[in-house]
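The block underneath contains the structure these notes are about, expressed in structure tokens.
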Amino acid sequence: MLVCGGLGGVMEAACAGVHEGDGLAVGIVPDTGNGNAALDIVIRTGLGHARNVLVVQSADAVIAVGEGYGTLSEIAIALKTGRPVFGYKTWEIEGIIACATPEEAVLMAVRAARLSPVYRDRRTGEGSS
């Protein structure tokens, strides 16, 4: 499952890509709109940029692409909350694991997510809720 900010550009491309692997694309959009056309689920927040916290807190691993300020805020939230961040053509910040290609970023993020205790708890039904 992919969780993103639900808008266009890189987010829409990621949503389209997740469908190639029969994945699910969830968009946490900033307003009352419908987000991009490749979303399977739209969560309308009315929160503007504050939704970045929801996007990151929903993740087991984060992929950062580009150098926009929204991306920068998501990186900061992820690093502050201990989530691994894999970057492709993004900010050069301590804690970001640089990736040479988008495919490498996806593979590394999926691997990290599968090692997450939260991911394992969801799969086994064990752990605290």
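Structure notes:
- Checking each residue in region 18-28 for being touching a residue at least 12 places away in the same chain (Cβ under 8 Å) and either on the phi > 0 side of the Ramachandran plot or more than 13 Å from the chain's Cα centre (by Cα) (or both) picks out His19, Gly23.
- Candidates are the residues of region 8-40 that are in a loop (DSSP other than H, G, I, E, B) and closer than 20 Å to Ala105 by Cα; the one that is modelled with the lowest pLDDT is Gly21.
- Gly87 being in contact with a strand residue (DSSP E or B) (Cβ under 6 Å, 6 or more places away or on another chain), within 15 Å of Gly6 (Cα to Cα) and of a type outside the set (A, V, I, L, M): no
- Set Ile43, Ile77, Ile93, Ile97: member being part of a helix (DSSP H, G or I), surrounded by fewer than 20 Cβ atoms within 10 Å (Cβ to Cβ) and of a type outside the set (Lys, Arg): Ile77
- Qualifying residue in region 44-53 (condition: closer than 23 Å to Lys89 by Cβ, among the aliphatic types (A, V, I, L, M) and in contact (Cβ under 8 Å) with a residue 24 or more places away in the chain): no
- Test: residue in region 71-86 that is over 24 Å from Gly23 (Cβ atoms) and of a type in the set (D, E, K, R): yes
- Residues (assigned to a helix (DSSP H, G or I) and either closer than 15 Å to Gly17 by Cβ or over 14 Å from the mean Cα position of the chain (by Cα) (or both)) located in region 100-110: Pro102, Glu103, Glu104, Ala105, Val106, Leu107, Ala109, Val110
- Residues satisfying the stated conditions in region 54-73, i.e. free of Cβ contacts under 8 Å to residues at least 40 places away in the same chain, part of a helix (DSSP H, G or I) and touching a helix residue (DSSP H, G or I) at 6+ places or on another chain (Cβ under 7 Å): Val56, Ser73
- Members of region 6-43 that are within 16 Å of Val53 (Cβ to Cβ) and in contact with a His (Cβ under 9 Å, 6 or more places away or on another chain): Pro30
The values are calculated or read from the model by the stated rules, or taken from the named source; none is laboratory data. All figures in this text were calculated on a predicted structure; none of them were measured in a lab. No Cβ is skipped: glycine too gets one built from the backbone with ideal geometry, and neighbour counts run over all protein chains shown.
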